[in-house]
Amino acid sequence: NLLHFSFWFQNVGRNERIIDADQTFSPELRHWRDVFWLAIFIIHLIVLGVLLAIFGLNRFKTADRLNIDRYTEGFWENNNGLTETYWPKYAVAGGVGTGLGCIWLLLLGSRANQMMKVSVHILTTYLAVISVLCFWCEQFFWGVAFATGAALQFLYVIAVIDRLPFTMLVLQKAVKLVWSLPEVTRVAYAFMAVMLLWMGIWSFGAAGVVASSRGDLGRWWLLVVLSVSLFWTGAVLCNTVHVIVSGLVFLVLLHGGRNASSMPPNSLMKSLRYAVTKSFGSICYGSLFTAAIRTLRWEVSTPAFTFF
């Protein structure tokens, strides 16, 4: 979040100027940034949305409803599975993830110190547990790999452990400031609803893909592509919220409080407008790298669970 705040601060510094001693903003004309990636993201959403609907409907209640299995014979094995067989599982997983996310945010706001310590040590614990399970299942290669990862993560924790007090102080101040701005919470909830809607569409199509194939190769690569899209969309929505919040927090800090007389009117709507229009291309471009990294992490962690 601090990186997003810095990014927004630099953009504001380039595009807006303080014209008097009272720190009153005079917005100047902003240019659209990274329009190419904005177009790619929108086109990707449209095309993928259509494909997800086709994949899901093709196996909904009737196997091969749209008669498209003849186009997939060459690269995966078609069967008589149905979308509704797998879709509830994705819905339960999405609901559990949403619930855990809400609990995490609530705990982060009230128990920042403890949650920071948990965040630092949880990955080491996760890798160590997976390593033990791999050895137990006689998967020695993956056991050694995850044990090595746990050791490297532990060394990293040891290297940064002395920075935790300062990090926790910054986190506490940031959480306190954001909680004092209830309007940004409403924006976050709105974006969460959009993400849940897209997650429903995505899981519908992914369930259709899983239902149509017994083979691993074609289904695996298609699910990898779908995962990149899901991570990219989620990162774009998340980073858009970060930019909106950072913009409002910047103005509040600059003007000495949200109720200051010099505070520009409709600050939240202006920040929202800049984030979803002229800065949206940059958000899409930067989020693509995050999606690629998350997909690689998913590919690495998935094989471990196939052993159990």
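Report, to two decimal places, the Cα Rg of the range 182-303 normalised by 2.2 N^0.38 Å (N = number of residues).
The value comes to 1.36.
Using a probe of 1.4 angstrom, how much of the accessible area of the range 182-303 is carbon and sulfur, in percent?
70
Can you list the lysines whose alpha carbon sits under 27 Å from that of LYS89, skipping same-chain ones fewer than 8 residues off?
Once the sequence-local lysines are set aside, what remains near LYS89 is LYS61.
Using θ = phi - 60° and the Karplus form 6.51 cos²θ - 1.76 cosθ + 1.60, what ³J(HN,Hα) does each residue of the range 159-171 get, whole Hz, x for Gly and Pro?
6, 10, 4, 6, 8, 4, x, 5, 4, 5, 5, 4, 5
Taking the solvent-accessible surface of protein heavy atoms with a 1.4 Å probe, what is the per residue accessible area of the range 182-303 in Å²?
Accessible area per residue, the range 182-303: 44 Å².
Which order do PHE191, PHE140 take when ranked by solvent-accessible area (1.4 Å probe, heavy atoms of all protein chains), largest first?
Heavy-atom accessible area, descending, gives PHE140, PHE191.
Any lysines with Cα under 30 Å of the LYS176 Cα? List them, leaving off those in the same chain fewer than 8 positions away.
Those lysines meeting the cut-off are LYS117, LYS270, LYS278.
Between VAL120 and TRP220, what is the label-to-label distance in nm when each label sits 7 Å out along the Cα-to-Cβ direction?
3.8
The values are calculated or read from the model by the stated rules, or taken from the named source; none is laboratory data. The structure displayed is predicted, hence computed values, not measured ones. No Cβ is skipped: glycine too gets one built from the backbone with ideal geometry, and neighbour counts run over all protein chains shown. For accessibility, only protein heavy atoms count, side chains too; no ligands or nucleic acids. Shrake-Rupley method; radii C 1.70, N 1.55, O 1.52, S 1.80 Å.
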